[in-house]
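Have a look at the structure below before the remarks.
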Amino acid sequence: MEQETLEQLFIDQLKDLYDAEKQIVKALPRMAKAASSEELGEALRKHLDETQNQVGRLEEVFKMMGVPAKGKTCKGMKGLLEEGSEAIKEEEDETLSDLAIIAAAQKVEHYEISAYGTAKTIAEKLGREEAVELLQQTEEEESAADATLTEIATSLYEVTEMEEEEDEDVDQEEEEEAAAPMRASGTSRRTSSSRQPAKKTSRAGR
């Protein structure tokens, strides 16, 4: 493979990532605002700061390659963010809405981890060690953000399970309360019946 062709492939990957990060910078504030969990909102705001730094790193790599920092529409990221936005709007329950936000955010993270891994590999083949270091740093941040989202999701699942158990207990109590008058009525009828005097049996020929 010619060096120029590989360099062009690398630049194309950078443009895709650059646009993807720009889209994420716009989307994260909306996702953080929609989050009910304080922990989730804080994690998303923290990742917004990281993403802005990641944009800066990509601009450094563009400069290393001697080309202007310019993106090309990343259709994959656009689709993921639109899908996530729709899922969040559909959920009325706060916990489920937070889980939908996490699901959308983790799809984004997985896309980025894969894309940065690919770009890093090409940079290695080109011998661009400084670019490799910058891309590696971002890839590690994306992996850490993904792990944080998994931890938050696990906590939310536990909350959901507790709420379901509480609902089941309430339903059972209501059923028992509803059944109590019926049982009491049945006992009363049996007691009343047992208290009735026995009829005298007439003897034949008497």
5 angstrom amide H check on SER36, placed H, neighbours 5+ away: ASP98
The stretch 37-80, dipole about Cα centre (Lys/Arg Cβ +1, Asp/Glu Cβ -1), debye to the nearest 20: 460 debye
The stretch 117-122 - phi-based ³J(HN,Hα) in whole Hz, Karplus 6.51/-1.76/1.60, Gly and Pro as x: x, 5, 4, 5, 4, 5
Inter-label distance for ALA87 and GLU38, nm, one decimal - labels placed 7 Å from Cα along Cα-to-Cβ: 2.6 nm
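What does the charge add up to near GLN106, with Lys and Arg as +1, Asp and Glu as -1, over the other residues with Cβ less than 11 Å from its Cβ? Could the numbers behind the result be given before it?
Numbers: positive: LYS107; negative: GLU109, GLU112, GLU142, ASP146.
Neighbourhood net charge equals -3.
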Cut-off 13 Å between beta-carbons: net charge of the residues surrounding LYS63, Lys and Arg +1, Asp and Glu -1: 0
In sequence order, calculated HN-Hα J values of the stretch 49-57 (Karplus, 6.51, -1.76, 1.60; Hz; x Gly/Pro): 4, 4, 5, 5, 5, 5, 4, x, 5
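Using packing as a proxy for protection, rank 57-66, 14-23, 83-92 so that the peptide with the highest average count of other Cβ atoms within 10 Å comes first. All intermediate terms of the calculation are to be shown ahead of the outcome.
Details: 57-66: 16.2, 14-23: 21.4, 83-92: 14.2.
So the peptides 57-66, 14-23, 83-92, ranked by packing, come out 14-23, 57-66, 83-92.
If you put +1 on each Lys and Arg Cβ and -1 on each Asp and Glu Cβ, how big is the dipole of the stretch 1-103 around its Cα centre, in Debye rounded to 20?
Numbers: 14 positive and 23 negative charges, 117 e Å.
Value, rounded to 20: 560 debye.
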Förster radius 35 Å - calculated FRET efficiency between LYS22 and GLN136, Cβ distance, rounded to 0.05: 0.95
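Computed from the coordinates by the stated procedures, all read-outs in this text should not be read as laboratory data. Remember, predicted model here, so these are calculated numbers, not experimental data. Methodologically, a virtual Cβ is constructed for each residue, glycine included, from the backbone with ideal geometry; neighbour enumeration extends over all protein chains shown.
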